[in-house]
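Asks: My questions all concern the structure below.
No value in this document is a laboratory result; all are computed from the given coordinates. Keep in mind it's a predicted model, so treat the numbers as computed, not measured. Cβ: placed from backbone, ideal geometry, glycine included. Neighbour counts: every protein chain shown.
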């Protein structure tokens, strides 16, 4: 029995000293080559953070009278807010309820109308209102262009 414990202890020490060569291990989101966030066809990657994965619109996308705002959200009780801004002016502000609340990823989709009297540059701001104090958290700002 004493021999078993000695061999077991030696085996644990051996496993504890095993390490992986960090030069070989790569994160899945690392790419070789371009670091500008665009694909080979010139389109940009979806914008995301820990609670949002925005599929549309993409940053600097040109929008006309209306556009589709869609993606996935992992937020408390599936609710989050957005604002469409023209400079400091809020053109539209509302909340969206995703198909599922955290910890799952819920889908959402909304058609947003663009007023005719806007500047050529808009910002779509997506955020969560903190349950603690109402402050805006997990903010994403997506720049948009108009014709």
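Asks: In which sequence would 89, 117 go, from the one with the fewest C-beta neighbours within 10 Å to the one with the most? Numbers along the way, then the final one.
Replies: Values: 89 10, 117 7.
Fewest to most other Cβ atoms nearby, the residues stand as 117, 89.
Asks: Using per-residue counts of other Cβ atoms within 10 Å, averaged over each peptide, order 93-106, 48-61 from highest down. Each step should come with its number before you reach the end.
Replies: Numbers: 93-106: 14.3, 48-61: 15.9.
The densest-packed peptide leads the list: 48-61, 93-106.
Asks: At 0.36 nm per residue, and after removing the present C-alpha to C-alpha distance, how many nm does the segment from residue 117 to residue 60 gain when stretched out fully? Don't skip to the end; give the middle numbers.
Replies: Numbers: separation 57, 0.36 × 57 = 20.52 nm, distance 1.88 nm.
Gain on extension, residue 117 to residue 60, equals 18.6 nm.
Asks: Going by average Cβ density within 10 Å per residue, which order do the peptides 68-80, 121-133 take, highest to lowest? Intermediate results must be reported in sequence, preceding the final value.
Replies: Working: 68-80: 18.2, 121-133: 15.5.
With the highest mean Cβ count within 10 Å placed first, the list reads 68-80, 121-133.
Asks: Working from the pairwise distances between different alpha carbons, so that the mean of 1/r is found and then inverted, what is region 46-147's Kirkwood radius in Å?
Replies: Values: mean 1/r = 0.0730 Å⁻¹.
Kirkwood radius, region 46-147: 13.7 Å.
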